[in-house]
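Step one of this worksheet: look at the structure below.
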Amino acid sequence: MNAPNNALLARQQLYRDMDPLNLTPLWEVLHALVPPQPASPCVPALWKYGQVRPFLMRAGQAITAEEAVRRVLILENPKLRGQSAVTQSLYAGLQLILPGEVAPSHRHTQSALRFIVEGSGAYTAVDGERTAMRPGDFIITPSWTFHDHGSEADGPVVWLDGLDIPMIRFFDAGFAQNGTARAQEVTRTEGTSFARYGHNMAPVRHDPPFGGKTSPLFSYPYERSREALQQLERLAPIDPWDGVKLRYLNPLTGGSPMPTMATFMQKLPAGFAGKGWRQTDGAVYSVVEGEAVVHAESPRGETWRFEVAARDHFVIPSWHTARLESAAGCVLFSFSDRPVHQALGIHQEERLS
Ligand code: GTQ
């Protein structure tokens, strides 16, 4: 298969001669371009809340929410440092807001989710309606809607931001605008969206907001999701891979709450020893309650073992095998880019027996 030396030299001369024309030979890169299986440059990674929180609080002293616009510490994949990315397509960060602060109004084409990690009494305002933030709540900021965050709490409030920033950057499709007011005008009473869409009912004559692409529910309260998981743990068989796992949905379509990101909540019963699985959508996890052990293995056979507890965050990249165990029981929130894989017909999942 080896070409003789003079043939190799001729090829190298060919590459050098064509280089000024921005030409490059496919056969030197083909294998990496179309790999036999996903070969993510990302690695599984863990952020222990006890280690991250002191830096969040120092950030709280170093800069105001107003000056920072968004006071966030980005969770960067160790193999994507400098790219503000937790996977190739997703962004994750921990945002801090202190009592009395306002993170000013703006909008962007990137979709955002908030998952509340610590503290109550902050709110986010979307499209003229405020939503209170409580730990475990999942809140949406749809693409191109003005949003600001504020706090009337008596202590720090921290939430996980999940955005499709790297994906929108990949498509070079990002736009952003600042609001004219610091905080947007409130035009609807808090709870209106939930009353309208949060009960398996929908308005009779009503165009879906946000072009029908994003859920009209801004807030999925934890007490509801937790109740569902708890009941299922009692009433129905436990899935050997996931424990009890549900996906959040857009009540008007049955699809994911946002066009680019799927969100999930799952409960591992006490004593759970899950089987391994892998999927093409890399996922970011926020531990809500309890504790678990996460085993991960890359397609090349490298292994990781994370001991996780409430408020810790971790990432499982594409096509890495993961396995969850929990002695005491555990509740996990997660998000991934699955809706995009599904829309493109490239989603794959493998469940090991
Ligand atoms: O809250 O609007 O973590 O625009 C990154 C970009 C949060 C936000 C982030 C953002 C926001």
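Mind putting a number on the dipole of the range 1-110 about its Cα centre? Charges go on the C-beta only, +1 for Lys and Arg and -1 for Asp and Glu, and I need it in Debye to the nearest 20.
For this selection, approximately 340 debye.
For every other residue with a beta carbon closer than 13 angstrom to the beta carbon of T280, add +1 if it is Lys or Arg and -1 if Asp or Glu, then tell me the sum.
-2
With the full set of protein chains in place, find how many percent of the accessible area of the range 197-353 is carbon and sulfur; take the probe as 1.4 Å. If you can, show how the numbers build up before the last one.
Details: 3670 of 7290 Å².
Heavy-atom surface of the range 197-353 belonging to carbon and sulfur, 1.4 Å probe: 50 percent.
Place a +1 charge on the Cβ of each Lys and Arg in the chain and a -1 charge on the Cβ of each Asp and Glu, then give the dipole magnitude about the Cα centre in debye, rounded to the nearest 20. Walk me through the intermediate numbers first.
Values: 33 positive and 36 negative charges, 67 e Å.
Using only the charged Cβ atoms, the result is roughly 320 debye.
Keeping to pairs on different chains or 8 or more places apart, tell me how many lysine pairs in the chain have Cα atoms under 28 Å apart.
Final tally of qualifying lysine pairs is 9.
Specify the angular offset, from 0 to 90 degrees and rounded to the nearest 10, of the alpha carbon long axis of helix 49-62 from the longest principal axis of the alpha carbons in the chain.
Here the helix axis deviates by roughly 70 degrees.
How many Å² of accessible area per residue for the chain, probe 1.4 Å? Intermediate values should be presented prior to the final figure.
Numbers: 17680 Å² over 353 residues.
With all protein chains present, the chain gives 50 Å² per residue.
With the Cα gyration tensor of the chain giving a ≥ b ≥ c as the square roots of its eigenvalues, does the rule (a/c under 1.5 for rounded; else a/b larger than b/c for prolate; else oblate) give rounded, prolate or oblate? Walk me through the intermediate numbers first.
Details: a/c = 1.77, a/b = 1.41, b/c = 1.26.
Prolate.
For the ranges 149-157, 113-121, what's the packing order if you count other beta-carbon atoms within 10 Å of each residue, average per peptide, and put the highest first?
On the way: 149-157: 18.3, 113-121: 21.8.
Put in order of decreasing packing, that is 113-121, 149-157.
To the nearest 10 degrees, how steeply does helix 222-235 sit against the main Cα axis of the chain, on a 0 to 90 scale?
80 degrees
Taking Cα pairs under 8 Å and at least six residues apart, what relative contact order does the range 235-353 come out at, in percent? Write out the running numbers ahead of the final one.
On the way: 298 pairs, mean separation 40.9, N = 119.
Across the range 235-353, relative contact order equals 34 percent.
Looking at P35, S151, A327, which one has the Cα that reaches farthest to the positive end of the dipole of the chain (charges on Cβ: Lys, Arg +1; Asp, Glu -1)?
Value computed over the given set: P35.
Once R0 is set to 45 Å, what does the formula 1/(1 + (r/R0)^6) return for the Cβ-Cβ distance between E227 and Q342, expressed as a FRET efficiency to the nearest 0.05?
Numbers: r = 28 Å, r/R0 = 0.62.
Once the sixth-power term is evaluated, E becomes 0.95.
With everything on Cα atoms, drop me the angle between helix 5-18 and the longest principal axis of the chain, reported from 0 to 90° to the nearest 10.
So the inclination is approximately 50 degrees.
So if I take the centroid of the Cα atoms in the range 38-81 and the same for the range 189-231, what is the distance between those two points in Å?
Comparing the Cα centres of the range 38-81 and the range 189-231, I get a distance of 30 Å.
With a point put 7 Å past each Cα toward its Cβ, work out how far L14 is from Q83 in nm, to one decimal.
Here the modelled spin labels are 3.1 nm apart.
Can you put T124, T109 in order of accessible area, largest first, using a 1.4 Å probe?
On the way: T124 0, T109 35 Å².
Highest to lowest solvent-accessible surface, that is T109, T124.
The values are calculated or read from the model by the stated rules, or taken from the named source; none is laboratory data. Owing to the predicted nature of the structure, the values given are computational and were not obtained by experimental measurement. When we count neighbours, we look across all protein chains shown, and the Cβ atoms used for this are built from the backbone with ideal geometry, even at glycine. The protein model used for the area step is the full one, side chains on, heavy atoms only, and it has no ligands, DNA or RNA in it. Shrake-Rupley method; radii C 1.70, N 1.55, O 1.52, S 1.80 Å.
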